[in-house]
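Written out below as structure tokens is the structure these notes cover.
Quick note: the coordinates plus some simple rules give every number you see, no bench work behind them. Not measured: the values here are computed from a predicted model. Cβ placement follows ideal geometry from the backbone for every residue including glycine, while neighbour counts extend to all protein chains displayed.
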Amino acid sequence: MTCGVCEPNHMATVHGASDCDTKVVGYAVPASGAKLEDEVARLYLLGASIVFWDETTTSGHQMSRRPKLKKLLPHLRQGDVLIVNSQNAMGDRPSRRAAFVEKLSKRGVTVAPAKEARDASLRDLREI
């Protein structure tokens, strides 16, 4: 089976297998007008090998209100990609979203909104 995430001809049974060091992780929060289950399924379809989600919509970006986000962040490594279903998954204000992306970028993690990840390869995602 072709991985198709990190290289078009890379062979791996599941993305993230021993020959492929890049992890693609999804994170979802409820989005207006969409079922959370559909949002999670969409992240898998976009290439996430694992998806975390928090089931409640919260105002603010307090980690105590997003336990699954808090749980996944320490596992992200340089070269990994985090696909989020909604900009609100990264914070409720532009300044908080920017700080979230900057913090992960400094660690070498690419953050990609699902809208931008839909038709992009991993190589393209790293340029976002």
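Please list, or write none, the lysines whose alpha carbon is within less than 18 Å of the alpha carbon of LYS71, excluding same-chain residues fewer than 8 places away. Straight-distance partners of LYS71: LYS23, LYS103.
So if R0 is 25 Å, what FRET efficiency would ALA98 and SER49 give, r being the distance between their Cβ atoms, rounded to the nearest 0.05?
The pair ALA98/SER49 has a calculated efficiency of 0.40.
Taking the Cβ of each residue in THR56, THR110 as the centre, tally the other Cβ atoms inside 10 Å and list the residues starting with the fewest.
Details: THR56 9, THR110 22.
Taking fewest neighbouring Cβ atoms as first place, the list is THR56, THR110.
Ranked by the mean number of other Cβ atoms within 10 Å of their residues, highest first, the peptides 76-89, 35-48, 95-108 fall in the order 76-89, 35-48, 95-108.
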